[in-house]
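First comes the structure, then the notes that go with it.
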Amino acid sequence: MKAIVLVGGFGTRLRPVTYAVPKQLIPVAGKPMLYHVLDLLPPDVEEVVLATGYKADLLAAYVKAHPVRWPVRTVPEAEPLGTGGGMRNASAGLSDPFFLLNSDVLASADLGRMRSVHAAHGGVGTMALYEVDDPRPYGVAALGSGDRITAFVEKPEPKDAPSRWINAGIAIWRRDVIDRVPAGRAVSFEREVVPGLLAEGVYGFRLSGYWEDAGTPERILHAQRLLFDDHRGGPGGVPPGARGTGPVATMGAFSAREASFGPYVTLGEHVTVEPGAHVENSILMDGVAVGREAHVEGSVVGPGARIRATHRVVGQVLGEDAEA
Ligand code: GTP
């Protein structure tokens, strides 16, 4: 089986960081978000096709320099084609069926079992669903017998939500669904195509464990905590010469002597945290410098940003080369 991963969005909710770095390359628990998504794929996948758009060149260069276990091909869009148009644009040579993954879903999911469940149902598609307390921001599935999806309600008011099981952004589709995507324009697959497929048999695959749609600063930091707690953030602890609890994931050379770390921190390459500074529950991207006695908490700090001595940065998103 092959997999299409949708990587073309602008990541507007993570600006200003995403002005410089596509969302999928923001490091979370020690590796780019995209690589945690790829980790979910079964080992026997034949090829991963990245449907790219925004910052396509940066993504292509990164995956070339950091290969994974599967052959990876990037197929860029000249202009944003939406989720449906993006998958159609990337569909040459696709397997039948194929995996379709959003690139910002950080979750525990057994896609090998999902593939077996899909084969057993024999429907046109199988969509992973996750149960949330508040389904309002999502597409919510109505489920019939055998977990067949009978309807999808987008962004419902609580009284109109047919369940609390939402589209988790992970699916398996029969190849011919591509033919249902109108050509030559932007198409939302979920809104324009999926409703017309339900009559042919689309089934829900209920995820247990954890799931997060890491599209906002709060959710990306929540996803980072989930990944660390699932031991997907490396060995844990704090860097040599530093104090505190960690876990801290480091991605290359850094300097952090006599700095202190609370839980859930990622340090990109060439990060400097000066003595007496404290960092927790944050992502510091490549080249970030944190001055003496500064305090960084609950923040996503873009590449090359500088935080001055004694300053407090709490709950902030700092863009590339920002000064605080
Ligand atoms: P926001 O701008 O913050 O909403 O983020 P986003 O642009 O990533 O949008 P959203 O989270 O709704 O996108 C869901 C998934 O579809 C993500 O994996 C996106 O990268 C991807 N995606 C969204 N629009 C496109 C597109 O036009 N083309 C392609 N190839 N992928 C897309």
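The values are calculated or read from the model by the stated rules, or taken from the named source; none is laboratory data. This is a predicted model, so every value here is computed, not measured. Cβ coordinates were reconstructed from backbone atoms using ideal geometry, including for glycine residues, and neighbour counts include every protein chain displayed.
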Revision key, fill the gap. Condition set out of contact with any Lys or Arg (no Cβ under 8 Å at 6 or more places or on another chain) and touching a residue at least 40 places away in the same chain (Cβ under 8 Å), scope segment 131-155, selection surrounded by the fewest Cβ atoms within 10 Å (Cβ to Cβ): answer is Gly146
Exercise for review: Might you check whether a residue that is among the basic types (Lys, Arg) and not in a loop (DSSP other than H, G, I, E, B) occurs anywhere in segment 123-144?
Suggested key: no
Exercise for review: Scan segment 85-108 for residues that are part of a loop (DSSP other than H, G, I, E, B) and near the ligand (Cβ under 10 Å from one of its atoms) and report the count.
Suggested key: 3
Point to revise | Single match in Glu154, Glu200 (criterion: of a type outside the set (Phe, Trp, Tyr) and closer than 24 Å to Asp104 by Cα) | key: Glu154
Exercise for review: Assess whether Arg69 counts as being within 13 Å of the ligand (Cβ to nearest atom), among the charged types (D, E, K, R) and not assigned by TED's automatic domain parsing to the domain that holds Pro303.
Suggested key: no
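From the list Gly139, Gly144, Gly122, Gly82, pick out the single residue that is within 25 Å of Asp44 (Cβ to Cβ) and either within 13 Å of the ligand (Cβ to nearest atom) or of a type in the set (Gly, Ala, Ser) (or both).
On the way: Gly139 fails: within 25 Å of Asp44 (Cβ to Cβ); Gly144 fails: within 25 Å of Asp44 (Cβ to Cβ); Gly82 fails: within 25 Å of Asp44 (Cβ to Cβ).
Answer to the check: Gly122.
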Exercise for review: Please state which one of Val290, Val314 is at pLDDT 95 or above and buried (at least 18 other Cβ atoms within 10 Å of the Cβ).
Suggested key: Val290
Point to revise | Hits in segment 167-190 (condition: touching a residue at least 40 places away in the same chain (Cβ under 8 Å) and basic (Lys, Arg)) | key: Arg174, Arg175, Arg185
Practice item. Kindly establish whether Ala29 is away from the ligand (no atom under 13 Å from the Cβ) and without any contact (Cβ under 8 Å) to a residue 12 or more places away in the chain. Key: no
Point to revise | Number of the exception - Val177 against (1) among the aliphatic types (A, V, I, L, M); (2) in a loop (DSSP other than H, G, I, E, B); (3) touching a Phe, Trp or Tyr at 6+ places or on another chain (Cβ under 9 Å) | key: (2)
Exercise for review: Can you confirm whether segment 233-242 contains a residue that is assigned to a strand (DSSP E or B) and out of contact with any Leu (no Cβ under 6 Å at 6 or more places or on another chain)?
Suggested key: no
Exercise for review: Out of Ala109, Ala61, Ala92, report the one residue that is under 22 Å from Asp179 (Cα atoms) and either of a type outside the set (Ser, Thr, Tyr) or in contact (Cβ under 8 Å) with a residue 60 or more places away in the chain (or both).
Suggested key: Ala92
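To keep it simple, each residue is scored yes or no on (1) out of contact with any Gly (no Cβ under 6 Å at 6 or more places or on another chain); (2) part of a helix (DSSP H, G or I).
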{"position": "Thr18", "(1), (2)": "no, yes"}
{"position": "His36", "(1), (2)": "yes, yes"}
{"position": "Asp57", "(1), (2)": "yes, yes"}
{"position": "Val63", "(1), (2)": "yes, yes"}
{"position": "Thr74", "(1), (2)": "yes, no"}
Practice item. Mind counting the residues in segment 154-207 that are under 23 Å from the mean Cα position of the chain (by Cα) and over 20 Å from Phe98 (Cα atoms)? Key: 6
